[in-house]
Each structure stands twice: as C-alpha cells, then as structure tokens.
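Take a look at the structure set out below.
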Amino acid sequence: MTPPDPVKPSFNEVNEAKQEMEKTINQAWEEYNRVIPKAHGQAEQMIREAEGYALDRVNRAHGDAENFLKVWEAYKDSKEITRTRLYLETMKQLWPQVKGKYVIDQDVKGVLPFLNLADQKQEGGAQS
C-alpha cells in the first residue's frame, strides 16, 4: 500500500519508529540472553560452593568431636600419660615456629646465663 504524497513523511516516520522499537526490543533480548544465563550460572556456582563449605565444616566438626571423645576416653583411663602425650604433641607443633628458645630450670632461683645457639649455628655454618 502506498500512502498519499501529503502523508508520506509521517507514514515513513511511523515505520522508522516501529523499526527502531523492534531494534531496541531485539537489543534488549540480546542483552538479556547474554547476561541472565551467566548470572544464573554464577549464582548456582556460589550456592554449590557454599553447600560444599557447609558440608566440609560439618564433617570437620564431627571429626573433631570424635577425636575429642577418643582423647577424653584415653585421658580418663590414664591421665598422666595422656597429659604428657598431649603436651609433647603440642610442643612438636609449636617448637619449629618459635624464634628464640630458652630452657629454664624451674628449681633455680636466680637467672641462668644461656648460650645463644642461633648465633653460633650461623657462624658455624658460614665457616664450614
């Protein structure tokens, strides 16, 4: 259908507006289809990570509780041996992290001079 000459400019503007509207709608759908699935995927990933973290925490808590109960049972049966073992295990973990180590005899009333083994170790290592 061809419009009459006096209304052709208006007719063309209406057609251009319709085309612009369809173009804008198509661009919006394109953006939607690009962004929304990605956001859903990220949300799903975050949920799975949170569920995994929660499961890990629960399993660790159960393991810690079981370990505690086993230690408690051992402690009840032989308090001194268990106390010494726990002390030695803790010292084994902590000792490598301590920078300066001082061994002090609790029975001595005054201050004991001590040998700085760290300096001698460095000097000895440099000379060999």
Could you tell me which of the residues 59, 26, 67 is under 29 Å from residue 90 (Cβ atoms), modelled with pLDDT of 95 or more, surrounded by 10 or more Cβ atoms within 10 Å (Cβ to Cβ) and not aliphatic (A, V, I, L, M)?
59
Among the residues of the range 71-96, write down those that are among the charged types (D, E, K, R), surrounded by 10 or more Cβ atoms within 10 Å (Cβ to Cβ) and at pLDDT 90 or above.
89
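The values are calculated or read from the model by the stated rules, or taken from the named source; none is laboratory data. Please read these numbers as outputs of a predicted model, since none were measured by experiment. Backbone-built Cβ (ideal geometry, glycine too); neighbour counts: all protein chains shown.
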